[in-house]
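What follows is one structure encoded as structure tokens, with my remarks underneath.
The values are calculated or read from the model by the stated rules, or taken from the named source; none is laboratory data. In this text, all values refer to a predicted model and were calculated from it rather than measured experimentally. Please note: Cβ atoms are built from the backbone with ideal geometry, for glycine as well, and neighbour counts cover all protein chains shown.
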Amino acid sequence: MSNDQNKHGFHLPWLHKDPEKEARKAEEAQRRNELVALAAQTRVAEERRQQDDYALLRSGGLPTGATQRLKEIGNANSDGVLFTSDLTPDEAALLRREGYRARGLVTGSAMYHVGVAYASAYNDCEINVLSQAYDTATGLAVARMRQELKLIGAHGVVGVRLELVRHEWADKTIEVQVVGTAVEGPGLPSSDPWMCDLSGQEWYALHRAGYSPVGLVWGHCAWFVLTTQQDEWMHQSWSNVEMTHWSHALSHARQRAMDDLVRRTREHKGIGVAGVKITRRLDDIRLYGPDQNPAYEREHHNLVIAVIGTGIKVRPGAPRAVVPTVQVLSLLDGRLANVGMGATDATIE
């Protein structure tokens with residue numbers, strides 16, 4: 001019927017197709033199909049990249065994107081690359097005077113799951129599971145920072161900051177972050193770049209005195225403080241009194257963390273530690289058990305002590321003593337000269 005009507009001059013728009021419109025529709029359909037295919041390829045590539053990154057992180061490595069970025073910085077000319085740093089202007093100027101310059105911020109981080117931890121309902125004790133978790137997470141973060149240093153091609157890192165974070169939304173995880181500024185100096189970098197938590201001025205003074213850093217050293221101790229009835233009475237006292245229980249807890253935790261720091265320094269064959277920084281955090285916890293122990297009704301605390309420093313050694317050919325100097329500005333040519341304080345042979349014009 002429709003064909004007969006069409007023969008007799010009836011206008012049926014669905015029987016008349018515009019070639020240009022049909023071509024545009026076909027082109028749009030092809031474009032949509034290409035976008036769908038591209039999106040599928042991108043999704044598959046992203047899933048594959050994430051799986052590769054997970055594998056690298058599990059083995060203590062760096063993500064693929066970070067590795068590519070750091071290699072680009074390392075291969076670029078130091079005079080033409082834009083660097084970032086947390087150095088103060090004085091630090092950057094002092095390092096440049098010694099022939100060192102900043103190459104960029106380097107970081108290392110680790111999110112670590114804490115296993116089942118047990119505490120005593122009768123006395124204080126170290127929570128070994130948590131102490132080991134902090135130590136292992138710090139080791140992973142420092143190792144990743146070292147990898148970034150090698151990829152950049154820097155000689156070392158100054159001003160390393162260590163941050164320990166516990167999140168309320170993930171009470172069974174800890175986060176460790178280390179951040180510092182990679183610096184490049186004269187000569188070729190070694191296969192084992194130095195790392196220190198000293199500032200630029202402190203590193204300069206150390207270097208001038210004939211010392212060199214052997215590496216970052218650290219120690220942690222998670223110490224459980226059991227609140228007793230006597231502690232509650234002392235909290236309610238009207239007199240000034242030392243909380244001896246807490247003093248002893250701080251002393252024990254700090255000593256155990258320092259023992260770990262000393263052990264790592266000896267492993268690096270260092271003769272001492274400079275720039276030691278001690279931080280602590282306090283978490284409120286409660287105990288649970290099957291019986292009716294009064295300790296379950298009290299609020300107890302978990303004390304975490306973190307110690308970090310720079311292990312040092314004497315550099316070969318180091319001076320036996322350092323003569324204090326003062327900078328003198330020459331009025332003839334405007335140059336700065338270091339003059340030993342107390343020197344009798346110095347000529348000042």
Under the condition of being acidic (Asp, Glu) and in contact (Cβ under 8 Å) with a residue 40 or more places away in the chain, which residue from region 233-278 is surrounded by the most Cβ atoms within 10 Å (Cβ to Cβ)? Asp260
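One line per residue, one yes/no per condition, for (1) of a type in the set (A, V, I, L, M); (2) in contact with a His (Cβ under 9 Å, 6 or more places away or on another chain):
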{"position": "Leu94", "(1), (2)": "yes, no"}
{"position": "Gly104", "(1), (2)": "no, no"}
{"position": "Gly108", "(1), (2)": "no, no"}
{"position": "Ala117", "(1), (2)": "yes, no"}
{"position": "Ala133", "(1), (2)": "yes, yes"}
{"position": "Thr136", "(1), (2)": "no, no"}
{"position": "Ala141", "(1), (2)": "yes, no"}
{"position": "Lys150", "(1), (2)": "no, no"}
Given the options Gly187, Gly215, Gly210, name the one that is modelled with pLDDT under 85 and at positive phi. Gly187
If you go through Glu34, Glu20, the only one that is part of a helix (DSSP H, G or I), modelled with pLDDT of 75 or more, exposed (fewer than 10 other Cβ atoms within 10 Å of the Cβ) and not polar (S, T, N, Q) is Glu20
Of all the residues that make up region 160-183, how many are of a type outside the set (A, V, I, L, M) and closer than 20 Å to Asn302 by Cα? 9
Answer yes or no as to whether Arg161 is surrounded by fewer than 22 Cβ atoms within 10 Å (Cβ to Cβ), touching a residue at least 12 places away in the same chain (Cβ under 8 Å) and within 23 Å of Glu91 (Cβ to Cβ). yes
Go through Ser191, Ser199 for me and flag whichever is closer than 29 Å to Pro319 by Cα and either touching an Asp or Glu at 6+ places or on another chain (Cβ under 8 Å) or among the basic types (Lys, Arg) (or both). Ser199
